[in-house]
Amino acid sequence: MDTPQRAPETVLVVDDDQNSLDFVGSILEDAGYVVIPVRDSNRVLPVLRKKRPDIVLLDILMPGIDGYGVCTLIHAEPGAEHLPVIFLTAKGDPEDIVRGFEAGAVDYLTKPVNSIELIGRLRNHLDRQRYERILSEEKERFRILTESVGEAFILLDETMSNIIYTNPAFERIFGISIPDLPAPFSIMNSLVHPQDLGKFLEVIHNSIATKTGFNSEFRIRRPDGTIRWVWARANMAVTGSTRNVVCVAEDITDRKIAEIQLIEALENEKDLAGTIQRSLLMNEEDVQVPGIDSTLVSIPSTKIDGDFLDMYSFGLVLDVVVGDVMGKGIHAALIGAGAKTRFLRAHAKLGASCSDGTLPSPARIVEQVDKGMAKRLMSLDSFLTVQYLRFAREESYFEYVDCGHTPILIWDGDACWAYKGTNPPIGFIEDQKFSACRIPLKPGNLVLVYSDGATEAGTPESGQFGEERLFAALRKNVHLDTDALVKQLLREIEDFSDGKRSFDDLTLAAFRVKAEKAPPPSRYRLDREYAADLKVLEEIRTQVRGMLELFSSSEMDEDTKYGSVLAASEAATNVIVHGLGKDGSKTFSLRLESFEKWFYIAFRYQGTDFDWARERTPSVLSMDEQGYGLYIVKNAMNSIVYTRSDDGLIETILSGELRG
């Protein structure tokens, strides 16, 4: 592609000597310049106005107006103020040269003219003039640009101590003008909002220390009192040996107002969603059954959550279901709402199928929900932790199905116990079987159910509230009624968290067996203490057999009696061997108790934490003490509970159900 050719420059040559005029003109024309010759100094201005030359070669000694006067007239002409003039003179005295420069000439050449010197000097001044013109045009474009843009441009020295330049937008944004530059940069300290000044100064100091730029947004308070939001960014600029900081500030007030309004709208939407969530997922009704004092408090989190809770009463039976969906947000709340509905439908469906009017067991209810939800939860990469609790006041038991939820805390009058089940959460696997755990419930016993929002409450400085603090708070306040107890626990959690709301829903539910109502009489009860010696197993088997013999054949067949005796023997063996190390100086207690429809066998001791309930399937190749016997225990009994109290006691409870 051809490079565009630059138009030839025009040279105005003024000399009263025709020979000199012709000689200089021929040199210039041979060099490619357009020559305008003028012999009369009085014609210079008319020709100048018409031809607009790029440079003037001017003889000094001329009749009429000499070269000094003509040069003065040229630079007084509008548009020719910076037109370069080179004097042609036979006079080379220093005072003549100085007078020529004072008249406005840029150079001089002595006659006779050397052609090479003439072209070189001419080219030099024309290039210089062109560069100055380009620079002037660039400056003008930059001026127009900086004055028309909305951002403020601020040029600082390397140490960011002084403002060297600002454009008009600076005054529009910050509300002040800086007439005298440079000015101290500290003037900005009076403009930055007091609440943002600390952050602003920290950003500036870090930028100076690291010699890097910065990005920051902050508020300013203009002299007229208005508050504006500003986003500023700065970078180092190096020109030769000079380093400066170029800062651009943009007024983002409209955007920040829109952001704040959006956040407020989202918060209002979240609050509304939280209100809907609580009304749909949290049962805030006062559900009471005779003989059970209950109190429930649920505090919503700062986010929409998937926690849910429901309660049903059936005569002297109170059922409670609590759940927590993995994750946060609308999807978790929707899954929670669906799960709560599933439990209600399962209860109604299974209850209608019980022709004798009995209630469906908690395990069957949870299994029914699992069948309807597990596969769908797995497809959503989600799961559901659940506790289904049943308080059967008339039968003196507390029964629960735990699917990976937080422990249940029970105060039995002497110690605080934490109970956990072994069922995985709903949505882990399909068609899993669920088992319920049953323990005795006596007058004065208190049951506390809580969500992980209670134990995980806290601050980055304090850490989490944790189970140990919850244990201690329960023990300290267990004498209070359930309403006062729950309020006190919440107060201690909030104090620990400096009053900050949790990112999880916080649920506390307390249930106490009222002491004023006489408990149902037991058909049989035995409390004994034994030494940790395998010799006592025979007597334990005899005692268990004695309790079971009170049951008629219609209530329990011989195989079930035999299996229960064997299970009690195996459980006692594990307490003696693994829990107490067959140390005859140590003891353990045995309690047997039976009621109208169920019975239990409980062992309690202080010793090694051996969770024998987590047995493996036995193998004929390894008939050891940790396999075969434990397998029998689980399969012979309806329920196995293993737990530890807050003061180190270990308890194992085996329970069985009577027929009919």
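The values are calculated or read from the model by the stated rules, or taken from the named source; none is laboratory data. Not measured: the values here are computed from a predicted model. Note that we place each Cβ from the backbone using ideal geometry, even for glycine, and neighbour counts take in every protein chain shown. For accessibility, only protein heavy atoms count, side chains too; no ligands or nucleic acids. Shrake-Rupley method; radii C 1.70, N 1.55, O 1.52, S 1.80 Å.
Met326: open to solvent by 60 Å² or more (accessible area, probe 1.4 Å), within 26 Å of Gly427 (Cα to Cα) and at pLDDT 80 or above, yes or no? It would help to see each step written out before you state the result.
Details: open to solvent by 60 Å² or more (accessible area, probe 1.4 Å): yes; within 26 Å of Gly427 (Cα to Cα): yes; at pLDDT 80 or above: yes.
Yes: the conditions hold for Met326.
Among all residue pairs at least 6 apart or on different chains, which show Cβ distances below 6 Å where the first residue, located in segment 588-608, is open to solvent by 10 Å² or more (accessible area, probe 1.4 Å) and the second is of a type in the set (Asp, Glu) and part of a strand (DSSP E or B)?
Close Cβ pairs (under 6 Å, with a partner that is of a type in the set (Asp, Glu) and part of a strand (DSSP E or B)) amount to Ser589/Glu529; Arg591/Asp527; Arg604/Glu651.
Scan Ser313, Ser361, Ser379, Ser298 and give me the residue that is modelled with pLDDT of 85 or more and within 24 Å of Gly421 (Cβ to Cβ).
Of the residues listed, the single one that is modelled with pLDDT of 85 or more and within 24 Å of Gly421 (Cβ to Cβ) is Ser361.
In segment 454-473, how many residues are open to solvent by less than 70 Å² (accessible area, probe 1.4 Å) and touching a helix residue (DSSP H, G or I) at 6+ places or on another chain (Cβ under 7 Å)?
Residues flagged as open to solvent by less than 70 Å² (accessible area, probe 1.4 Å) and touching a helix residue (DSSP H, G or I) at 6+ places or on another chain (Cβ under 7 Å) within segment 454-473 amount to 9.
Condition check ((1) open to solvent by less than 80 Å² (accessible area, probe 1.4 Å); (2) in contact with a Ser or Thr (Cβ under 7 Å, 6 or more places away or on another chain); (3) at pLDDT below 90; (4) not hydrophobic (A, V, I, L, M, F, W, C)) across all residues:
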| residue | (1), (2), (3), (4) |
| --- | --- |
| Pro8 | yes, no, yes, yes |
| Leu12 | yes, no, no, no |
| Asp17 | yes, no, yes, yes |
| Val24 | yes, no, no, no |
| Ala31 | yes, no, no, no |
| Arg39 | no, no, no, yes |
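Output the qualifying pairs, or none if there are none: Cβ atoms under 8 angstrom, residues six or more apart or on different chains, first residue in segment 632-646 and open to solvent by less than 30 Å² (accessible area, probe 1.4 Å), second residue of a type in the set (Phe, Trp, Tyr).
Going by the 8 Å Cβ cut-off, the qualifying pairs are Val633/Trp612; Val641/Tyr419; Thr643/Trp417; Thr643/Tyr419; Ser645/Trp417.
Restricting attention to segment 128-153, report how many residues are out of contact with any strand residue (DSSP E or B) (no Cβ under 8 Å at 6 or more places or on another chain), modelled with pLDDT of 75 or more and surrounded by 11 or more Cβ atoms within 10 Å (Cβ to Cβ).
Residues in segment 128-153 being out of contact with any strand residue (DSSP E or B) (no Cβ under 8 Å at 6 or more places or on another chain), modelled with pLDDT of 75 or more and surrounded by 11 or more Cβ atoms within 10 Å (Cβ to Cβ): 5 in total.
State which residue pairs qualify: first residue without any contact (Cβ under 8 Å) to a residue 24 or more places away in the chain and inside segment 358-384, second residue open to solvent by 60 Å² or more (accessible area, probe 1.4 Å) and of a type in the set (S, T, N, Q) in any location, beta carbons under 8 Å apart, and separation of 6 or more residues or different chains.
Sorted first by the residue in segment 358-384, then by its partner, the pairs are Pro360/Ser353.
So Ala332 passes all but one of these: (1) in contact with an Asp or Glu (Cβ under 7 Å, 6 or more places away or on another chain); (2) open to solvent by 30 Å² or more (accessible area, probe 1.4 Å); (3) at pLDDT below 85. Which condition number does it fail?
(2)
With respect to the numbered conditions (1) over 24 Å from Lys500 (Cβ atoms); (2) modelled with pLDDT under 80, which one is the sole condition not fulfilled by Leu281?
Single failed check for Leu281: (1).
For segment 61-164, which helices (runs of 4 or more DSSP H) that fit wholly inside it have 3 or more residues that are touching a residue at least 60 places away in the same chain (Cβ under 8 Å), among the polar types (S, T, N, Q) and farther than 25 Å from Thr10 by Cα? Write out each step before concluding.
On the way: elements: 67-76, 94-102, 115-148.
Fully inside segment 61-164 and qualifying: nothing.
Looking at (1) open to solvent by less than 10 Å² (accessible area, probe 1.4 Å); (2) closer than 18 Å to Val106 by Cα, which one does Ala76 not meet, given that it meets all the others?
(1)
If Gly198 satisfies all but one of (1) under 34 Å from the mean Cα position of the chain (by Cα); (2) surrounded by 12 or more Cβ atoms within 10 Å (Cβ to Cβ), what's the number of the condition it fails?
(2)
Within segment 386-399, can you find the residues that are of a type outside the set (Gly, Ala, Ser) and more than 15 Å from Asp310 (Cβ to Cβ)? Don't jump to the end; show me each part of the working.
First pass over segment 386-399, keeping only residues of a type outside the set (Gly, Ala, Ser): 386-391, 393-395, 397-399.
Listed by number, the residues that qualify are Arg393, Glu394, Glu395, Tyr397, Phe398, Glu399.
Out of the residues in segment 166-192 that are open to solvent by less than 20 Å² (accessible area, probe 1.4 Å) and closer than 16 Å to Glu250 by Cα, which is farthest from the chain's Cα centre (by Cα)? Outline the logic, then answer.
Here is the first cut: in segment 166-192, the residues open to solvent by less than 20 Å² (accessible area, probe 1.4 Å) are 167, 169-170, 173-174, 183, 188, 191-192.
Filter once more, keeping what is closer than 16 Å to Glu250 by Cα: 167, 169-170, 173-174, 188, 191-192.
Working: Asn167: 39, Ala169: 36, Phe170: 35, Ile173: 33, Phe174: 33, Met188: 33, Leu191: 32, Val192: 28 Å.
It comes out as Asn167.
Table: residues versus (1) closer than 12 Å to Met373 by Cβ; (2) free of Cβ contacts under 8 Å to residues at least 24 places away in the same chain; (3) buried (at least 19 other Cβ atoms within 10 Å of the Cβ).
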| site | (1), (2), (3) |
| --- | --- |
| Met311 | no, no, yes |
| Gly336 | yes, no, yes |
| Leu344 | no, no, no |
| His347 | no, no, yes |
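Among the residues of segment 385-398, is any surrounded by fewer than 23 Cβ atoms within 10 Å (Cβ to Cβ) and without any contact (Cβ under 8 Å) to a residue 60 or more places away in the chain?
Checking segment 385-398: not a single residue is surrounded by fewer than 23 Cβ atoms within 10 Å (Cβ to Cβ) and without any contact (Cβ under 8 Å) to a residue 60 or more places away in the chain.
Tell me, which strands (runs of 3 or more DSSP E) lie completely within segment 210-262 with 1 or more residues that are out of contact with any strand residue (DSSP E or B) (no Cβ under 7 Å at 6 or more places or on another chain)?
Details: elements: 214-221, 227-239, 242-251.
So the answer is 227-239, 242-251.
Filter segment 609-631 down to residues that are open to solvent by less than 30 Å² (accessible area, probe 1.4 Å) and not in a loop (DSSP other than H, G, I, E, B) and give me whichever is modelled with the lowest pLDDT. So that I can check it myself, show each step before the final result.
Kept after step one, since they are open to solvent by less than 30 Å² (accessible area, probe 1.4 Å), are these residues of segment 609-631: 612-613, 627, 629-630.
Restricting the remaining residues to those that are not in a loop (DSSP other than H, G, I, E, B) gives 629-630.
Working: Gly629: 62, Leu630: 67.
Once the filter is applied, the top-ranked residue is Gly629.
Filtering segment 19-48 down to residues that are in a loop (DSSP other than H, G, I, E, B) and small (Gly, Ala, Ser), which residue is nearest to Pro8 (Cα to Cα)? Show your work before the answer.
Residues of segment 19-48 in a loop (DSSP other than H, G, I, E, B): 31-33, 39-40.
Now drop any that are not small (Gly, Ala, Ser), which leaves 31-32.
Working: Ala31: 10, Gly32: 7 Å.
Per the stated criteria, the residue is Gly32.
In segment 45-62, what count of residues is obtained for those that are farther than 18 Å from Asp107 by Cβ and open to solvent by less than 50 Å² (accessible area, probe 1.4 Å)? Write out each step before concluding.
Taking segment 45-62 as the starting set, the residues that turn out to be farther than 18 Å from Asp107 by Cβ are 45-52, 62.
Next cut, open to solvent by less than 50 Å² (accessible area, probe 1.4 Å) only: 45, 47-48, 62.
Residues that pass the stated criteria total 4.
Please determine, by comparing only the residues of segment 473-488 that are aliphatic (A, V, I, L, M) and without any contact (Cβ under 8 Å) to a residue 40 or more places away in the chain, which one is farthest from Pro443 (Cα to Cα).
Restricting to residues being aliphatic (A, V, I, L, M) and without any contact (Cβ under 8 Å) to a residue 40 or more places away in the chain, the top hit is Ala473.
Please go through segment 81-97 and give me each residue that is of a type in the set (A, V, I, L, M), at pLDDT below 90 and open to solvent by less than 70 Å² (accessible area, probe 1.4 Å), ordered by number. Explain how you work it out, then say what you get.
Of the residues in segment 81-97, the ones of a type in the set (A, V, I, L, M) are 83, 85-86, 88, 90, 97.
Remaining after also requiring at pLDDT below 90: 88, 90, 97.
Within segment 81-97, Leu88, Ile97 meet the criteria.
Can you name every residue in segment 405-441 that is surrounded by fewer than 19 Cβ atoms within 10 Å (Cβ to Cβ) and of a type outside the set (S, T, N, Q)?
The first filter runs over segment 405-441 and keeps only residues surrounded by fewer than 19 Cβ atoms within 10 Å (Cβ to Cβ), leaving 412-415, 418, 420, 422, 424, 428-433, 435.
Once the filter is applied, which keeps residues that are surrounded by fewer than 19 Cβ atoms within 10 Å (Cβ to Cβ) and of a type outside the set (S, T, N, Q), segment 405-441 yields Asp412, Gly413, Asp414, Ala415, Ala418, Lys420, Pro424, Phe428, Ile429, Glu430, Asp431, Lys433.
Do we have any residue at all in segment 382-391 that's of a type in the set (Lys, Arg) and modelled with pLDDT under 90?
The initial filter retains those residues of segment 382-391 that are of a type in the set (Lys, Arg), namely 390.
From what's left, modelled with pLDDT under 90: none.
Scanning segment 382-391, I find no residue that is of a type in the set (Lys, Arg) and modelled with pLDDT under 90, so the answer is no.
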